[in-house]
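Could you have a look at this structure, given as structure tokens, before my questions?
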Amino acid sequence: EDVYLYPLRGSAENARRLFLEYLHQINTLATTPEFYNTLTTNCTTNIWMNAEVNRVAGRVPLSWKILASGYVPEYLYEQGRLETMGLSFPELQQRAHVNARAQAADKAADFSRRIRAGTEH
């Protein structure tokens, strides 16, 4: 698998509210399981739905690119939700690709810092 870390634009408060909603949703799954649906109930659509439920400021409009989740990074770029550092999307995507850094960091105590090297603005 290819792994990418894109720097997002947004407030810490929105991130906090979204994170707390995820914790609530995860805890709910322990008592009320849900079916996973590749198209409508997946990791990507759940982010969008949680942003809707929490009325996250500046939430991106629903698009087929959310349903076809492989297009989400490009969609977020188009919507101005990524810190672009003045880069085109292909350049940003190349910078966000962390596989080599992750393999090099392996089990290092500062793994998180190492894989983010070069992705910040």
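Throughout, read-outs are computed from the coordinates displayed, never taken from laboratory work. In this text the structure is predicted, and so the values were computed from the model without any measurement. Here the Cβ positions follow ideal geometry from the backbone for every residue, glycine too, while neighbour counts run over all protein chains shown.
What net charge do the residues around Ala108 carry, taking every other residue with its C-beta under 12 Å from that of Ala108, with Lys and Arg at +1 and Asp and Glu at -1?
Within the 12 Å Cβ shell, the charges total +2.
OK, next. Just to confirm a number: summing +1 for Lys and Arg and -1 for Asp and Glu over residues other than Leu76 whose beta-carbon lies under 14 angstrom from that of Leu76, what do you get?
+1
Next up: Per the helix-only calculation at 222 nm, which mean residue ellipticity applies to the chain, given -39500 (n - 2.57) for every DSSP H run of n ≥ 4 and division by its residues, nearest 500 deg cm²/dmol?
Per the formula, -14500 deg cm²/dmol.
Measure off 7 Å from each Cα along the Cα-to-Cβ vector at Leu67 and Glu83, then give the distance between these two points in nanometres to one decimal.
3.3 nm
Same structure again: Once phi is turned into ³J(HN,Hα) by the Karplus curve 6.51 cos²θ - 1.76 cosθ + 1.60 with θ = phi - 60°, what whole-Hz value does each residue of region 75-87 show in order, with x for glycine and proline?
4, 4, 4, 4, 7, x, 9, 10, 6, 8, 6, x, 8
Run the numbers for Asn99 and Thr44: contour at 0.36 nm per residue of separation, minus the present Cα-Cα distance, in nm.
17.7 nm
So how strong a dipole does the chain carry about its Cα centre when Lys and Arg Cβ are +1 and Asp and Glu Cβ are -1, to the nearest 20 debye?
Here the chain has a charge dipole of around 260 debye.
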